[in-house]
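Following: one structure in structure tokens, then a few remarks.
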Amino acid sequence: MEFCHVSHITCQAEVVAIAEPGIGQEWTMDVSSCHLDGNADAVEFCPHPPFLRLLAAATYTLGEGGAQPSRSGSVSLFSVDSSSGLQLLHRVHTAGVFDIKWNPGSYFFSDLTNSSGHRPLLAQADANGCLALYSLQSSGRSLSLVLKEKASSSMCLCLDWSSCSSSISIGLSDGWVSILAVREDQLQIRQSWAAHKHEVWSASFDSRQPHLVYTGSDDCCFSCWDLRQNPSSSVFRNSKSHKMGVCCIAPSPIDPNMLLTGSYDEFLRLWDVRNPLKPVDSSSLCLGGGVWRLKHHPSIQGLVLAACMHNGFAIVKIDGGRISKLEEYNKHESLAYGADWQRGEFVGDGSRITSLAATCSFYDKSLRIWQPQSLVFP
């Protein structure tokens, strides 16, 4: 891998006009934007204090000029500030990246040669079939490769961490799913099985029961697996509800029985995992584009950020069994793929407060930071 260190490169920041109460002006949503060095497909805010302002963004670019297609990519580390915008801190050049995620739990990689202690980890799934882990350096300004495992000869399309960060699930382009144990000195494949007939776009751990993994695939199937058996046994398999491939699965971080799925058929569906044969009261919402990624808000229950491929981004509210769209964000000019919320960081003028969202789109290589209008509180 090639590492590119960048010193104080600041991307374009857009002026944020904050309306005074009672004047009737509109809150300007855009905070900052920039273009990445390749086709943008994933963004992830670091969930660990004191690094909540750090954002990782990934790219995947297919080159078809030679005898064999090349798949190149990068992971960029940004600092995000509501007043000064995006500052590029570090960039790693690697194989084409399909997915990235910071570790959610208390497990941190400890560099035994450095007394600075434990650091957050960023996992990467790439086109070479590899799972890689980067450690955030103590300065919070760069990433360092610490572990890498060639998991398959097929492409690694998605990943997820278990809640305690001790395991990582990956979905592969040949329909297989693998579970890897995270050790201090290695990533160890614990089990693998043929979960689907086609590409696996989502392989997500249950938020409360880490022995359960939910998977979704181009074969239109939404499945659940019990890892207490090896190979994993099927808990359920729903092949009738989704009319096209299942792109993403998002278990609720608060309600252990609630789960969302997104599909190429343009529908977001709400599920009670105790009854996986059909969505809750047939609850579904057409978002007008393939639902590629779903992110629960880290502190507001029932609020979801959706990347809708051909129809931009949407913020959705889930109240009981009802799903409604609160707003859309259509400033991107290409396929809407990456989306995430910033955790614990708020901006305002004393009278209004809102959360920040990061989104990215593919062919226009665009990364944008914005403030949802529906979360502006008087």
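The values are calculated or read from the model by the stated rules, or taken from the named source; none is laboratory data. This structure is a prediction, so every number in the text was calculated from the model and none was measured. Cβ coordinates were reconstructed from backbone atoms using ideal geometry, including for glycine residues, and neighbour counts include every protein chain displayed. For accessibility, only protein heavy atoms count, side chains too; no ligands or nucleic acids. Shrake-Rupley method; radii C 1.70, N 1.55, O 1.52, S 1.80 Å.
The single condition from (1) surrounded by fewer than 16 Cβ atoms within 10 Å (Cβ to Cβ); (2) of a type outside the set (Asp, Glu); (3) under 19 Å from the mean Cα position of the chain (by Cα) that Leu172 fails is (1).
Ala132 meets all of the listed conditions (1) within 18 Å of Trp193 (Cβ to Cβ); (2) over 15 Å from the mean Cα position of the chain (by Cα) but one, namely (1). Any residue in the stretch 280-292 that is more than 20 Å from Ile315 (Cβ to Cβ) and surrounded by fewer than 19 Cβ atoms within 10 Å (Cβ to Cβ)? Within the stretch 280-292 (the criterion being more than 20 Å from Ile315 (Cβ to Cβ) and surrounded by fewer than 19 Cβ atoms within 10 Å (Cβ to Cβ)), the answer is yes, since at least one residue qualifies. Checking the structure you have, find out if any residue of the stretch 173-190 is of a type in the set (Gly, Ala, Ser), under 22 Å from Thr94 (Cα atoms), out of contact with any helix residue (DSSP H, G or I) (no Cβ under 8 Å at 6 or more places or on another chain) and at pLDDT 95 or above. Yes - at least one qualifying residue is present in the stretch 173-190. For the stretch 57-81, enumerate the residues that are open to solvent by 40 Å² or more (accessible area, probe 1.4 Å) and among the small types (Gly, Ala, Ser). Result: Gly65, Gly66, Ala67, Ser70, Ser72.
Taking the stretch 346-372 as the range and being open to solvent by 20 Å² or more (accessible area, probe 1.4 Å), out of contact with any strand residue (DSSP E or B) (no Cβ under 6 Å at 6 or more places or on another chain) and at pLDDT below 85 as the test, the residues that pass are Val347, Gly348, Asp349, Gly350, Ser351, Arg352. Each residue in the stretch 193-217 was checked for being in contact (Cβ under 8 Å) with a residue 40 or more places away in the chain and open to solvent by less than 70 Å² (accessible area, probe 1.4 Å), and 15 pass. Give the stretch 245-279 a look and list any residue that's of a type in the set (Val, Ile, Thr) and either within 11 Å of Phe222 (Cβ to Cβ) or open to solvent by less than 60 Å² (accessible area, probe 1.4 Å) (or both), or say none. The answer is Val246, Ile249, Thr261, Val273. For the stretch 293-309, a residue qualifies if it is over 13 Å from Gly262 (Cβ atoms) and either open to solvent by less than 40 Å² (accessible area, probe 1.4 Å) or modelled with pLDDT of 95 or more (or both), and the qualifying residues are His297, Gly302, Leu303. The number of residues in the stretch 99-150 being farther than 20 Å from Phe78 by Cα, modelled with pLDDT of 95 or more and either open to solvent by less than 20 Å² (accessible area, probe 1.4 Å) or among the aromatic types (Phe, Trp, Tyr) (or both) comes to 6. Scanning the stretch 225-263 for residues that are among the basic types (Lys, Arg) and in a strand (DSSP E or B) yields a single hit, Arg237. Pick from the stretch 324-345 the residues that are of a type in the set (Asp, Glu) and either closer than 22 Å to Ile100 by Cα or not in a strand (DSSP E or B) (or both): which of them is modelled with the lowest pLDDT? Of everything passing the filter in the stretch 324-345, Glu345 is modelled with the lowest pLDDT.
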